[in-house]
1. Collect residues whose amide H, placed 1.01 Å from N in the peptide plane, falls under 5 Å from the amide H of residue 57; neighbours closer than 5 in sequence don't count.
2. Out of every Cα pair in the chain, what percent are spaced more than 16 Å from each other?
3. Below 26 Å Cα-Cα, how many Lys pairs turn up in segment 2-82? Only count pairs eight or more apart in sequence, or on different chains, if you could.
4. Between helix 28-40 and the chain, what is the angle of the helix's C-alpha long axis to the longest principal axis, kept within 0 to 90° and rounded to the nearest 10?
5. Would you work out the charge dipole size for the chain about its Cα centre, treating the Cβ of every Lys and Arg as +1 and the Cβ of every Asp and Glu as -1, and quote it to the nearest 20 debye?
6. Apply the Karplus curve 6.51 cos²θ - 1.76 cosθ + 1.60, θ = phi - 60°, to the phi angles in segment 58-70 and return the couplings in whole Hz, x for Gly and Pro.
7. Before rounding to the nearest 500, sum -39500 (n - 2.57) across all DSSP H runs of length at least 4 in the chain and divide by the residue total; then give [θ] at 222 nm in deg cm²/dmol.
Amino acid sequence: MFQWRVLGNIASGLTTFTELLNQLLLDPGQLSNTIKKMQAKKLIGKNKSNIDRHQTLLLIMPLGQEIVGTVIEIVDKFYKVLFHDLSSQEVEALEQFLAKIEVNVRQFWSGINVN
């Protein structure tokens, strides 16, 4: 599941470790291990940034692109089933509630200092 989330976010344009860490709210070690596993499977690769040579950018490899396409198809089908009997107003309300919950979760985790 973590690999799907990482892959999807890289496909969406988040290409640095820090961007992924902030978006996914994962432990840095967990994200690092996930990235290493995905590299070993040839799903993603790494390149040095042309702008900042200290920064490493993550990119999707061809096999990773195939998986992203398959996952998008599955998610589209799942959402159709999930929201089948909901009105557009109910879906909109649900999205608003989930956005508020996400803000609360992010605020909570940003206030936690485990060092």
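1. Here the answer is 47, 48, 49, since their amide H atoms fall under 5 Å of that of residue 57.
2. On the way: 4486 of 6555 pairs.
Pairs farther apart than 16 Å: 68 percent.
3. Details: 36/46; 36/48; 37/46; 37/48.
Within segment 2-82, the lysine pair count is 4.
4. The angle comes out near 70 degrees.
5. Values: 12 positive and 11 negative charges, 148 e Å.
The dipole of the chain has a size of about 720 debye.
6. These are the phi-based 3J(HN,Hα) values: 9, 9, 8, 8, x, 5, x, 4, 4, 5, 4, x, 5 Hz.
7. -21500 deg cm²/dmol
The numbers here are math on the coordinates, done by the rules we state, and not lab data. Because the structure is a prediction, the values reported are computed rather than measured. Virtual Cβ from ideal backbone geometry, glycine too; neighbours counted across all protein chains shown.
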